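Below is one structure, written out as structure tokens, with a few remarks after it.
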């Protein structure tokens, strides 16, 4: 695994640039070729879609597939390398586990504090989409967690910049 790390450290940026360039060429090439085969560049595709229900825009599919494939590869690489790092150096991973546990405890507290009831427009939306009380509490806890995390990140950034001024 260390050899892979050293290889990616040395040639990873070049590989990323070439992969991005190749994916961009595939995406743009399929779109331009698809538009030129069925339409002219001056056609308004929105009006074509509205006026002709049989119109297909399948030439966008390769671009979407490339993006989905890159997202899947990125998520898989992040999970695999993260797990390898956790397993290879568990002592250094203690900070991760403490931080994850703190976030889990904070989320549980916010989930417990969230009420399942809603009023006004939110109540209409919950009723329209048949959202249960548990899911509503989960959403409320998640929103509160996101807001608190953003506030903590902003305060930490400001405090760290102020501390850096005095170094």
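Each value in this text was obtained by applying a stated rule to the coordinates, not by laboratory testing. Every value quoted in this text rests on a predicted model; they were computed, and no experiment measured them. We place every Cβ from the backbone using ideal geometry, glycine too, and count neighbours over all the protein chains shown.
Which value at 222 nm does the chain reach when only helices count, each DSSP H run of 4 or more adding -39,500 (n - 2.57), with the total divided by all residues and rounded to the nearest 500 deg cm²/dmol?
Value at 222 nm, helices only: -28000 deg cm²/dmol.
FRET efficiency for residue 133 and residue 86, Cβ-Cβ distance as r, R0 = 35 Å, nearest 0.05?
On the way: r = 36 Å, r/R0 = 1.02.
Computed FRET efficiency for residue 133 and residue 86 comes out at 0.45.
I need to check one value: relative contact order of segment 1-138, counting alpha carbon pairs closer than 8 Å and at least 6 residues apart, in percent.
Relative contact order for segment 1-138 comes out at 17 percent.
What FRET efficiency would be calculated for the residue pair residue 44, residue 64, taking the C-beta separation as r and a Förster radius of 30 Å, to the nearest 0.05?
With R0 = 30 Å, the Cβ-Cβ based efficiency is 0.90.
Treat each spin label as a single point 7 Å out from the Cα along the C-beta direction, and report the residue 36 to residue 167 distance in nm.
The answer from the label model is 5.3 nm.
With a cut-off of 8 Å between alpha carbons and a minimum separation of six or more residues, what is the relative contact order of segment 23-98 in percent?
Across segment 23-98, relative contact order equals 34 percent.
Candidates [x] 29, 19, 14; [y] 40, 33, 17; [z] 57, 17, 13; which is the computed semi-axes √(5λ) of the Cα gyration tensor in Å?
Comparing each candidate, only [y] matches the computed number.
Can you give the extra length, in nm with one decimal, that the chain gains between residue 125 and residue 106 once fully stretched, where that is 0.36 nm per residue apart less the Cα-Cα distance?
On the way: separation 19, 0.36 × 19 = 6.84 nm, distance 2.69 nm.
Extra length from residue 125 to residue 106 when fully extended: 4.1 nm.
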